[in-house]
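In what follows, a structure is listed as structure tokens, so that the remarks can point back to it.
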Protein chains: 2
Amino acid sequence: MRLSRYFLPILKETPKEAEIVSHRLMLRAGMIRQQAAGIYSWLPLGLKVLDKIGRIVREEQNRAGAIEVLMPTLQSADLWRESGRYEDYGEEMLRIKDRNKRDLLYGPTNEEMITEIFRSYVHSYKDLPLNLYHIQWKFRDERRPRFGVMRGREFLMKDAYSFDTDQEKARDAYRRMFVAYLRTYRRMGLTAIPMRADSGPIGGDMSHEFIILASTGESQVFCHKDLLDLPIPGEDTDFSGDLTPIMDQWTSLYAATDEKHDEAAFAAIPADKQVSARGIEVGHIFYFGTKYSEPMNAKVAGPDGVERPVHMGSYGVGVSRLVAAIIEASHDDAGIIWPEAVAPFQVGLISMKPGDAAVDAACTSLYAALERSGIETLYDDSDTRAGAKFATMDLIGLPWQLIVGPKSLAEGNVELKRRATGEREVLPIAAALARLGATA
Amino acid sequence: MRLSRYFLPILKETPKEAEIVSHRLMLRAGMIRQQAAGIYSWLPLGLKVLDKIGRIVREEQNRAGAIEVLMPTLQSADLWRESGRYEDYGEEMLRIKDRNKRDLLYGPTNEEMITEIFRSYVHSYKDLPLNLYHIQWKFRDERRPRFGVMRGREFLMKDAYSFDTDQEKARDAYRRMFVAYLRTYRRMGLTAIPMRADSGPIGGDMSHEFIILASTGESQVFCHKDLLDLPIPGEDTDFSGDLTPIMDQWTSLYAATDEKHDEAAFAAIPADKQVSARGIEVGHIFYFGTKYSEPMNAKVAGPDGVERPVHMGSYGVGVSRLVAAIIEASHDDAGIIWPEAVAPFQVGLISMKPGDAAVDAACTSLYAALERSGIETLYDDSDTRAGAKFATMDLIGLPWQLIVGPKSLAEGNVELKRRATGEREVLPIAAALARLGATA
């Protein structure tokens, strides 16, 4: 993409309303724009990151055997009356009346609706296990929306729902999501630690939050230091096999959120292995048995012909929140430092002298070579002073900057800068392309 | 995907509430489920088609130079008070109060919000032309939602908005979208004809609806027969060049919706070239000048330093509606016939005898070869009788059926059926794979 044809509204001033670094940087980098309290537009750069995160989530859900659907944003209140949550949910639920005075609501989560879908079609144990997920906008009318997309009201969530004949099989389903989540966050460059957690308004008796450690985290968390270095299950993980050993490895070491914290158990960890830190929740998984299937009458017949309520779990990933969480975990004073897998572009190609025939020709040919090789490139062809160009590239945090100026170019060279380390290297054009994985 | 692990809830009965064929077939093929009047869940098969249509729309928007953003579903009422449309819009607008009694609404369209984004960041003619689009769920509280996703209340729309310094440049932007739309629909296997149309509540003095002809169409349309055979602009179309010749070619022949119909002009067409038919609207484009930029104060400074309101247009594609429209245009008594580009899977692989070692081995190896070659395959490994398997495959309309039975297999053969024509051919395994573009 040529910057001159792109829409990248960089802010020079640091917005006063932004209290945390990710919110500040997302506004400054032209990633989002607030449209109402806790309601944001995603500008082109922000949307690219959001889409990449969504794609990783989707790939790992599919790998773990979950199947994608898409439920609507609006739901009928009657569905929530069946489960008893319509009155319980409180003011966070956005209640709506349509032109015929029917009660609707903007879905804050989808246990009821997916249970309705399930019971409408599935009646036999032979069709299980089943895990259906979707990535859809949700709304929670937070009393105090803040921190940008970290705690917005309209937010993008991946939520999966598993259905099994009994508790043991439901625990298998839970383990598949547990392992999928480990892979999902790591692919985004994050170390997310599963911690025993409170199940809150979803209910149920087994629950883990996936937490990344960041000094700006919203809550206090406690864990064993070795969790930070545990290996992540590989791409070849057999999700139809027994995942108990993997989950046991992760759950045998202490890790808990504030609400579930056990001082005595934590004190039993060797002092140099005790981690007490701030954390950001980026996912939450639940096993809640028949909490919804029973009142909503979602039953399947077993091999014996007897109908029993299905055992369910639900599994959330905060897709829009992750954009901010990744920035909290990966930035410096100059701006964002995107991990490769979620970077909006891989390379920022900077022309130091647009209008100079040799520089223009070199940039055009580098840009074409990179794009041809499938390396997403933002080509700054704008007529701005060098300092501003560098500041913008550092701010938006693309992994690589490829700098083309008349002096180096006269010697056949360009400069390559690694955003994460600040390392710069002057090298011949062909070598720079090779370093970036492109062919000339 | 193995059918035994998929979620494809085929209905045996024809649902009574469905009045048109696309609605009936989408329900029977397990593509959608109604959750409330005009509000649908997309089940796995339906979502796959929806995503493919979205991808084609996106590719052609990008090709034409439009840039993707994502605006939220909910909007502040204040924004619509600025343009004067809050009161005007009538009962189709879903009005909402949040917990703080602030007026929100579920966006039925986004002229106001995009104008707000534009005026916040863009102040100079140097940053134009600009065309921003998004693909997002909208809500229109139809008095009588019907025909499934053809006239739903919550629906997925692509809407683009162009900004230019003057009317002539805005017309260039209009032409780029006009040409992009011709390409978009053709790639989905449709012949969509641009017709002069009423601009309705969006306003403006230039407007075309893109209409596909189908006997079940909602409105009467009139056009010159030659429009059905005009060539579609190629992939190599230069969108930065002059597109006037292409647009002139399309607009010089008579084509109008009922509201804009001119009996005299139509009568002047040679009788054998007069087409009077039912049509389905699948897109609508508008040029409306300064209708929003003036009241909302969206101005840019020209080269002379004088600020003037920008000239705008908006460009909609009914993404969710297209799923139904394509079915209306492409089905037979047995079910859907998907055009290749939007088919949920390319191939349905049918095992005629699951459990038979030779059949299982052949199917597994064919399935692996197809998937390896990037050919999406639905592998019916279920233990159902042959008649039901064939009926299901015909119903869901995948372009190819690859049938593996013990008798043919004993001679090294499989059977390949083309859904669109019904042609069947018995041929060796390697030849069948080659026919499908796969390597063994």
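The values are calculated or read from the model by the stated rules, or taken from the named source; none is laboratory data. As the structure is a computational prediction, the values presented were derived from the model and not from experiment. For neighbour counting, all protein chains shown are included, and Cβ atoms are generated from backbone atoms with ideal geometry for every residue, glycine included. Accessible surface is based on the protein model in full, side chains and every heavy atom, while ligands, DNA and RNA are left aside. Shrake-Rupley method; radii C 1.70, N 1.55, O 1.52, S 1.80 Å.
General remarks:
- Evaluation of B:K97 against (1) touching a residue at least 24 places away in the same chain (Cβ under 8 Å); (2) more than 26 Å from B:P309 (Cβ to Cβ) (one fails), failing number: (1)
- Test: B:E87 is more than 10 Å from chain A (Cβ to nearest Cβ), open to solvent by 20 Å² or more (accessible area, probe 1.4 Å) and either in contact with a Lys or Arg (Cβ under 6 Å, 6 or more places away or on another chain) or modelled with pLDDT under 95 (or both): yes
- Lone unmet requirement of (1) modelled with pLDDT under 95; (2) under 30 Å from B:G217 (Cα atoms); (3) more than 9 Å from every other protein chain (Cβ to nearest Cβ) for B:I135: (1)
- For first residues located in the range B:258-283 and modelled with pLDDT under 95, partners that are in a strand (DSSP E or B) and open to solvent by 70 Å² or more (accessible area, probe 1.4 Å) and lie 6+ apart or on another chain with Cβ distances below 8 Å form the pairs B:K260/B:R196.
- In the set B:G305, B:G234, only one residue is small (G, A, S), assigned by TED's automatic domain parsing to the domain that holds B:A170 and at positive phi; that residue is B:G305.
- Scan of the range B:138-166 for residues that are at pLDDT 95 or above, away from every other protein chain (no Cβ under 11 Å) and open to solvent by 30 Å² or more (accessible area, probe 1.4 Å), ordered by number: B:T165, B:D166
- Boolean, A:G84 is out of contact with any Leu (no Cβ under 8 Å at 6 or more places or on another chain) and touching a residue at least 40 places away in the same chain (Cβ under 8 Å): yes
- Residue within the range A:2-12 that is over 17 Å from B:Y121 (Cα atoms), modelled with pLDDT of 95 or more and touching a helix residue (DSSP H, G or I) at 6+ places or on another chain (Cβ under 9 Å) present: yes
- In the range A:1-79, counting only strands (runs of 3 or more DSSP E) that sit wholly within it, the ones holding 2 or more residues that are closer than 27 Å to A:Y379 by Cβ and at the interface with chain B (Cβ under 9 Å from one of its Cβ atoms) span A:39-42.
- Test: residue in the range A:18-28 that is in contact with an Asp or Glu (Cβ under 7 Å, 6 or more places away or on another chain), closer than 29 Å to B:A37 by Cα and either acidic (D, E) or open to solvent by less than 10 Å² (accessible area, probe 1.4 Å) (or both): no
- Breaking point among (1) open to solvent by 30 Å² or more (accessible area, probe 1.4 Å); (2) assigned to a loop (DSSP other than H, G, I, E, B), for B:P108: (1)
- Cβ-Cβ under 8 Å pairs, at least 6 apart or on other chains, the range B:19-35 side more than 15 Å from B:F155 (Cα to Cα) and not assigned by TED's automatic domain parsing to the domain that holds B:L398, far side hydrophobic (A, V, I, L, M, F, W, C) and open to solvent by 50 Å² or more (accessible area, probe 1.4 Å): B:L27/B:L11; B:R28/B:I10; B:R28/B:L11; B:A29/B:I10; B:G30/B:I10; B:G30/B:L11
- Here B:L213 meets each of (1) more than 18 Å from the chain's Cα centre (by Cα); (2) surrounded by fewer than 23 Cβ atoms within 10 Å (Cβ to Cβ) with one exception, condition (1).
- Which listed residue, of B:E411, B:E328, B:E371, B:E376, is without any contact (Cβ under 8 Å) to a residue 24 or more places away in the chain and under 26 Å from B:G189 (Cβ atoms): B:E371
- Restricting A:Q61, A:Q75, A:Q34 to residues that are open to solvent by less than 10 Å² (accessible area, probe 1.4 Å), modelled with pLDDT of 95 or more and either farther than 30 Å from A:D242 by Cβ or in contact with a Pro (Cβ under 9 Å, 6 or more places away or on another chain) (or both) narrows the list to A:Q75.
- Restricting the range A:90-105 to residues that are surrounded by fewer than 17 Cβ atoms within 10 Å (Cβ to Cβ) and not in a strand (DSSP E or B) leaves a set whose member that is farthest from the other protein chains (Cβ to nearest Cβ) is A:K101.
- Residue check for A:T191: surrounded by fewer than 23 Cβ atoms within 10 Å (Cβ to Cβ) and either in contact with a Leu (Cβ under 9 Å, 6 or more places away or on another chain) or free of Cβ contacts under 8 Å to residues at least 40 places away in the same chain (or both): yes
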